[in-house]
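Participant: Provided herewith is a single structure, encoded as structure tokens, for subsequent inquiry.
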């Protein structure tokens with residue numbers, strides 16, 4: 001029991017240190033083309049800089065607050081699975097995220113469960129498991145939106161599909 005607690009504390013400490021020294025993807029060069037906001041007054045401010053390995057044809061899978069259930073996103077997941085079936089040479093990475101509410105350990109675990117659920121569902125739908133390089137969670141790191149509104153938080157509760165590095 002004590003050893004497990006020590007391991008958890010060490011992992012959390014390493015993650016905190018790594019996040020302090022890492023340059024977030026969203027902090028990449030910020031010229032007019034890479035970082036923009038929506039112009040409508042009631043729309044959340046979005047970061048439009050994307051990971052260059054993001055697959056534009058695949059939609060993010062979004063989640064309700066404090067949930068890793070896929071039921072509300074089944075249509076998007078079906079469409080993504082069909083795209084992957086028709087592009088059988090593409091390998092992917094699944095990256096899960098949360099909104100900023102909650103503590104770091106809980107959000108890391110929740111974001112990982114989200115990515116793992118998407119992976120398991122894709123495998124159930126016929127995508128070969130070896131085409132999914134990994135499914136991991138990043139918690140509240142790398143948000144799509146920085147405002148403290150429900151619309152913005154919903155954009156951050158997601159799993160992204162990234163092209164695996166060959």
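The values are calculated or read from the model by the stated rules, or taken from the named source; none is laboratory data. Since the structure is predicted, the reported quantities are computational estimates derived from the model, not experimental observations. Note that each Cβ is placed from the backbone with ideal geometry, even for glycine, and that neighbours are counted across all protein chains shown.
Participant: Residues 122, 108: which one is closer than 17 Å to residue 153 by Cα, assigned to a helix (DSSP H, G or I) and within 19 Å of the chain's Cα centre (by Cα)? If you could, list the steps in order and put the result at the bottom.
Facilitator: Details: 122 fails: closer than 17 Å to residue 153 by Cα.
Answer to the selection: 108.
Participant: Restricted to segment 114-132, and to residues that are out of contact with any helix residue (DSSP H, G or I) (no Cβ under 6 Å at 6 or more places or on another chain) and loosely packed, with under 15 Cβ neighbours inside 10 Å, which residue is farthest from residue 79 (Cα to Cα)?
Facilitator: The residue in question is 130.
Participant: Does segment 88-104 contain any residue that is part of a helix (DSSP H, G or I), more than 14 Å from residue 161 (Cβ to Cβ) and without any contact (Cβ under 8 Å) to a residue 24 or more places away in the chain? Spell out the reasoning first.
Facilitator: Keep residues of segment 88-104 that are part of a helix (DSSP H, G or I), which gives 104.
Narrowing the set further to residues that are more than 14 Å from residue 161 (Cβ to Cβ) leaves 104.
Imposing the further condition that a residue be without any contact (Cβ under 8 Å) to a residue 24 or more places away in the chain reduces the set to none.
No - not one qualifying residue is present in segment 88-104.
Participant: Here is a follow-up. Let me confirm something: among 74, 82, which residue is at pLDDT 95 or above and either assigned to a strand (DSSP E or B) or loosely packed, with under 15 Cβ neighbours inside 10 Å (or both)?
Facilitator: 82
Participant: A further question follows. Before we move on, is residue 65 touching a residue at least 24 places away in the same chain (Cβ under 8 Å), surrounded by fewer than 15 Cβ atoms within 10 Å (Cβ to Cβ) and under 18 Å from residue 55 (Cβ atoms)?
Facilitator: The answer is no for residue 65.
Participant: Okay, next question. Give the residues of segment 150-166 that are closer than 14 Å to residue 64 by Cα and over 14 Å from the mean Cα position of the chain (by Cα), sorted by residue number.
Facilitator: First, the residues of segment 150-166 that are closer than 14 Å to residue 64 by Cα: 150-159.
Scanning segment 150-166 gives 150, 151, 152.
Participant: Here is a further query. State which residue is nearest to residue 132 (Cα to Cα) when the search covers only segment 69-87 and only residues that are in contact with a strand residue (DSSP E or B) (Cβ under 8 Å, 6 or more places away or on another chain) and touching a residue at least 40 places away in the same chain (Cβ under 8 Å).
Facilitator: Among those residues, the one meeting the criterion is 84.
Participant: For segment 125-145, name all the residues that are under 15 Å from the mean Cα position of the chain (by Cα) and assigned to a loop (DSSP other than H, G, I, E, B). Reasoning before the result, please.
Facilitator: Step one: filter segment 125-145 for residues under 15 Å from the mean Cα position of the chain (by Cα), giving 132-145.
The answer is 138, 139, 140, 141, 142, 143, 144.
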